Amino acid sequence: MTAQPETETGPRPSVPAFRRVLLKLSGEALMGEREYGIEPGVTQALAKEVAGIRAGGVDVAVVVGGGNFYRGLAAAAESGMDRATADYAGMLATLLNALALQDALEREGADTRVLSALEVSEVAEPYIRRRAIRHLEKGRVVIFAAGTGNPFFTTDTAGALRAVEIGADVIVKATKVDGIYSADPKKDPMARRIEKVTYIEVLNRGLGVMDTTAISLCMDNKLPIVVFDLTRPGNIKRLVLGEPVGSIVSSSAG
């Protein structure tokens, strides 16, 4: 029997801890150090990690935001634009990111499909739940674009909704910090990292993990959320192998 590689906390697991994951990416995750847009190096590094866990037998779906190009709520507040119109523009921004991520994934050898909640048949398939599940069963990375297809709902809510619909074991939310904190660690030096927390605590304490609709949907369906640092290479693989990465939101904080 071959010995498993050692980690600081013991043997490294080789069998994925999750069968199917939904990765929630903000648009900002793709822009690196740029002020807006997409940083190709960052996107390609992310694609390499995602393709790697797909090759390891984990079904992977991705919901991507569009904040690196356009934020519907912010645009409506700043310019007086109709909120619904601004949100639809934001949905189109998520499609730009989905296509860029698809291209990067396919350069890493991953078979992918983009499914859009808005009809854009020239560049993406329409979102159909059974079709999405079938793509996952065939080993394809599925990228969900255009949120839920409805204004007034965030891509956090879209991530929770799609995760429940496809039967994901977990939502993994990529951030630029190593988990959930009691306050913004960039502004408050006394902010405390929280390893495990319940859905109710997230809502009551306003921890800002995801919006309240998304948290409530996860709570109703007992779908755990893992918040982790995307900027540390290899974190996605470590997470799906069950290593202690990031912070966990679930029914019990024990």
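The values are calculated or read from the model by the stated rules, or taken from the named source; none is laboratory data. As the structure is a prediction and not an experimental result, all values here were calculated from the model. Quick reminder, even Gly has a Cβ in these numbers, built from the backbone with ideal geometry, and neighbours come from all protein chains shown. Accessible surface is based on the protein model in full, side chains and every heavy atom, while ligands, DNA and RNA are left aside. Shrake-Rupley method; radii C 1.70, N 1.55, O 1.52, S 1.80 Å.
Okay, here's what the table says:
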item: Within-14-Å neighbourhood charge of Met219 [Cβ basis; K, R +1; D, E -1]; result: -3
item: Listed residues Val177, Val60, Val15, most fluctuating in the chain (Gaussian network, C-alpha, under 10 Å); result: Val15
item: Modelled FRET efficiency - R0 51 Å, Asp184 with Glu137, Cβ distances, 0.05 increments; result: 0.80
item: Label-point separation, Lys222 to Arg130 (7 Å along Cα→Cβ), nm; result: 2.8
item: Solvent-accessible area, 1.4 Å probe, carbon plus sulfur percent, for the chain; result: 53
item: Helix-only mean residue ellipticity at 222 nm for the chain, each DSSP H run of n ≥ 4 adding -39500 (n - 2.57), per residue, nearest 500; result: -11000 deg cm²/dmol
item: Rg/Rh for the chain, where both radii come from Cα atoms and Rh is the Kirkwood radius; result: 0.96
item: Distance between modelled label sites at Val15 and Glu165, nm, 7 Å Cα→Cβ extension; result: 3.2
item: DSSP bridge orientation in the chain - percent antiparallel, rounded to nearest 5; result: 20
item: For the chain: relative contact order, % (alpha-carbon pairs under 8 angstrom, 6 or more apart); result: 21
item: Label point distance in nm, Thr85-Lys196, each placed 7 Å from Cα along Cα→Cβ; result: 5.0
item: Accessible area in square angstrom per residue, the chain, 1.4 angstrom probe; result: 50
item: Length gained when the stretch Glu119-Thr231 is fully extended (0.36 nm per residue, less Cα-Cα span); result: 37.0 nm
